[in-house]
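S.K.: Have a look at this one.
FYI, it's all coordinate maths here, none of it is from the lab. Computed from a prediction, not measured in an experiment: that's the story for all the values here. Using ideal geometry, Cβ is built from the backbone for each residue, glycine included, and neighbour counts are taken over all protein chains shown.
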């Protein structure tokens with residue numbers, strides 16, 4: 001696993017695939033060494049993610065569409081008040097939100113903000 005490759009791929013593409021009950025496409029944001037995303041409420045439906053401890057993530061090349069890198073990531077539901085900077089970065093990536101400025105309040109009430117931290121492979 002190459003953290004610089006993961007970071008580059010996550011920054012260049014706003015979507016990724018997460019292996020849950022099946023591969024699920026999700027929008028996300030990269031911030032401070034991790035991937036952040038929102039699930040639940042009126043946001044993307046990623047069943048089981050908030051309860052998971054580890055998932056497989058696949059990033060695709062924005063240019064060619066093929067797999068760029070796949071890796072395991074630790075899953076952590078974050079306290080949105082404590083991680084306000086990450087939530088702000090994530091909010092900037094959310095396109096066409098129905099409630100604009102009230103979006104993060106809605107997230108705190110109805111959704112989970114999740115951090116996916118790339119994990120080194122055991123050798």
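S.K.: For every helix of n ≥ 4 consecutive DSSP H residues, a contribution of -39,500 (n - 2.57) applies; sum these over the chain, divide by its total residues, and give [θ] at 222 nm rounded to the nearest 500 deg cm²/dmol.
M.R.: Helix contribution divided over all residues of the chain: -6500 deg cm²/dmol.
S.K.: Extent of the chain along each principal axis, from alpha carbon coordinates, in Å, largest to smallest?
M.R.: 42, 30, 27
S.K.: Would you mind checking the tilt of helix 3-12 against the longest principal axis of the Cα atoms of the chain, expressed as 0 to 90 degrees and rounded to 10?
M.R.: It works out to around 50 degrees.
S.K.: Could I ask something else about it? Using alpha-carbon positions, what is the distance between the centroids of region 57-96 and region 97-116, in Å?
M.R.: Between the Cα centre of region 57-96 and that of region 97-116, the gap is 14 Å.
S.K.: A follow-up question, please. What distance in nm separates the two pseudo spin-label positions at residue 95 and residue 8, each 7 Å out from Cα along the beta-carbon direction?
M.R.: It is 2.4 nm.
S.K.: I want to make sure I understand the PRE zone here: with the label point 7 angstrom from the Cα of residue 51 toward its beta carbon, which residues in region 83-123 have backbone N atoms less than 16 Å away?
M.R.: The answer is 112, whose backbone nitrogens lie closer than 16 Å to the label point.
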